[in-house]
1. Among the candidates Glu147, Glu197, Glu176, Glu157, single out the residue that is more than 13 Å from the chain's Cα centre (by Cα) and farther than 23 Å from Ala15 by Cβ.
2. Which of the residues spanning region 158-176 are free of Cβ contacts under 8 Å to residues at least 24 places away in the same chain and assigned to a strand (DSSP E or B)?
3. I need the full set of residues from region 32-50 which are within 12 Å of the ligand (Cβ to nearest atom) and open to solvent by less than 40 Å² (accessible area, probe 1.4 Å), in order please.
4. Working only within region 104-113, note down all residues that are part of a loop (DSSP other than H, G, I, E, B) and either at positive phi or polar (S, T, N, Q) (or both).
5. Scan region 11-31 for residues that are away from the ligand (no atom under 13 Å from the Cβ), under 14 Å from the mean Cα position of the chain (by Cα) and not β-branched (Val, Ile, Thr) and jot them down.
6. Checking Gly138 against (1) within 11 Å of the ligand (Cβ to nearest atom); (2) among the small types (Gly, Ala, Ser); (3) surrounded by fewer than 20 Cβ atoms within 10 Å (Cβ to Cβ); (4) assigned to a strand (DSSP E or B), only one condition comes out false. Which one?
7. Scanning for something more than 25 Å from Gly122 (Cβ to Cβ), modelled with pLDDT of 95 or more and in contact with a Lys or Arg (Cβ under 6 Å, 6 or more places away or on another chain), does region 63-78 turn up at least one residue?
Amino acid sequence: MVVCGLVEARVAVLASGTGTNLQALLDDDAVGPRVVLVVSDRREAGALRRASAAGVRAVHLDPGDHASRDAYDMALLDLLRRERIDLVCLAGFMRILSPPIVRAFEGRMLNVHPSLLPSFRGAHAPRDALAWGARVTGATVHFVDEEVDHGPIIAQEAVPVLEGDDEADLHARIQEVEHRLYPRAVRLWLEGRLVVEGRRVRIREGAVP
Ligand code: GRF
């Protein structure tokens, strides 16, 4: 059993893209003030601009500066340690993290994924749900473990696939849900209300988040 949480946590967000999930975290009254670091592998990531606009340290960690994935992940781990990060939130970070960094943050690393896991793992979940003909997909927030899109699930919400949806339409509706679900899940972590029992995550009683 692993109990997580630390109200005064220092939170890092890792993002490669536009950073709308980062923004949702920054805009949350409980989570936003805890975000002290944003890291991206892409210099032009909107997430870095959003971090700077919010007065949060924004770091471009360039894969081109590192000889291998392991070297990159060691540099990232070193940065997270130097910044005394307690919780890492992946928010559209398009790199698979290697076991040492995942293990270093066991129970302290979360991810948001645009499907109802375990369906449609991987980088193109809305596209894959459409191609499969699914009637319902959704969003998942989960702990990160050593397999991709696999760790214990904290929160999920369904999103219907509508007639005429294309990938962008569907992803946009899923993201609306993500922007509610992710801050709520991070708040539960900060409040120490998530209890991991094997694959299951129990949410302890507490003030309604
Ligand atoms: C989100 O849909 C998230 O589920 C996936 O990547 C996307 C990132 O979007 N992992 P954004 O950069 O937060 O707008």
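The values are calculated or read from the model by the stated rules, or taken from the named source; none is laboratory data. Everything numeric here is computed off the predicted structure, so don't read it as measured data. With ideal geometry, Cβ positions are generated from the backbone for all residues, glycine too; neighbour counts draw on all protein chains shown. What goes into the accessible areas is simple: the full protein's heavy atoms, side chains included, and nothing from ligands, DNA or RNA. Shrake-Rupley method; radii C 1.70, N 1.55, O 1.52, S 1.80 Å.
1. Step by step, each of Glu147, Glu197, Glu176, Glu157 is checked, and only Glu197 is more than 13 Å from the chain's Cα centre (by Cα) and farther than 23 Å from Ala15 by Cβ.
2. The one that is free of Cβ contacts under 8 Å to residues at least 24 places away in the same chain and assigned to a strand (DSSP E or B): Val159.
3. Val38, Ser40, Ala45, Gly46, Ala47, Leu48 - these are the residues of region 32-50 that are within 12 Å of the ligand (Cβ to nearest atom) and open to solvent by less than 40 Å² (accessible area, probe 1.4 Å).
4. Passing the criteria: only Gly107.
5. Hit for region 11-31 is Ala12, nothing else.
6. Tallying (1) within 11 Å of the ligand (Cβ to nearest atom); (2) among the small types (Gly, Ala, Ser); (3) surrounded by fewer than 20 Cβ atoms within 10 Å (Cβ to Cβ); (4) assigned to a strand (DSSP E or B), Gly138 fails exactly one: (3).
7. No, region 63-78 contains no residue that is more than 25 Å from Gly122 (Cβ to Cβ), modelled with pLDDT of 95 or more and in contact with a Lys or Arg (Cβ under 6 Å, 6 or more places away or on another chain).
Per-residue answers, yes or no, for (1) within 23 Å of Arg180 (Cβ to Cβ); (2) touching a strand residue (DSSP E or B) at 6+ places or on another chain (Cβ under 6 Å):
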position: Ser52; (1), (2): no, yes
position: Leu77; (1), (2): no, no
position: Ala91; (1), (2): yes, yes
position: Leu97; (1), (2): no, no
position: Pro100; (1), (2): no, no
position: Glu106; (1), (2): no, no
position: Ser119; (1), (2): yes, no
position: Ala125; (1), (2): yes, no
position: Trp132; (1), (2): no, no
